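Novice: Just passing along the structure, written as structure tokens.
Any read-out appearing in this document is the output of simple, stated calculations on the displayed coordinates, not a laboratory observation. Note that the coordinates shown come from a computational prediction; the quantities given were computed from them, not determined experimentally. We place every Cβ from the backbone using ideal geometry, glycine too, and count neighbours over all the protein chains shown.
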Amino acid sequence: MIRSGAGVIPLTMSCDARAIANLLLREAQAQQITLTNLKLQKLLFLCHAFYLVQTGKALVKGNFVAWQYGPVHREAYDAFKRFAAKPITEEADKLDPVTGMRKSIPAPDDRTILEVVQKIVQFYGPKSAGELVELTHAKGGPWDFVVQQAKSNANLGMTIADDVIVKRFRFLWFGSKPNLKDQDLNEDQPLVA
């Protein structure tokens, strides 16, 4: 059973990545899907990318970085690394620097965010961690672009910048390719779920 957090905050800027990770855990639990840290990282990246493309705004604060098995948000990774490759059974919390006590992370209540999280878990949640790694390693995608660029240009920390995500994710189809034979094609419409 996943321990749920308390409180809701109105969305005025990018969210704490751990708050979105907690939403992913809740939605996955509702859909009876188990998440490990590796799988959670890929779903978090997909949420951020879809939201960024859809709204033009960053979903989470901070950056994703290119690690061996795909994009990782370090703060969210650190919150769940104690689970290693085992299923995550508790939500992330945070340390209150004044009191030194742990407290829950308020969840955003923005409808668009909740819909993105729900769609990502519904579509990508049933996939294995390996399938999600392969998906986020797609040739020409954000992770691949950063890794390829790092071979000839310095990129401290292997940061996957939001502008790279928008340029490299927007027209990249993740999942089964659509049958375009009988469809009206629109180059300005992204092929994303």
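Novice: Rounded to the nearest 0.05, what FRET efficiency do Thr112 and Gln148 have when you use their Cβ-Cβ distance and R0 = 30 Å?
Specialist: In this case the efficiency is close to 0.40.
Novice: Treat each spin label as a single point 7 Å out from the Cα along the C-beta direction, and report the Val166 to Ser104 distance in nm.
Specialist: 3.5 nm
Novice: Something else: Run the numbers on region 8-169 and let me know its relative contact order in percent, using alpha-carbon pairs under 8 Å that are six or more apart.
Specialist: Contact order relative to length: 33 percent.
Novice: ³J(HN,Hα) across region 16-29 via Karplus (A = 6.51, B = -1.76, C = 1.60, θ = phi - 60°), whole Hz, x for Gly/Pro?
Specialist: Karplus values, whole Hz, x for Gly and Pro: 5, 4, 5, 5, 5, 4, 5, 4, 4, 4, 5, 5, 4, 4.
Novice: So, in Å, what gap is there between the alpha-carbon centers of region 71-106 and region 128-161?
Specialist: Value for the Cα centre distance between the two parts: 24 Å.
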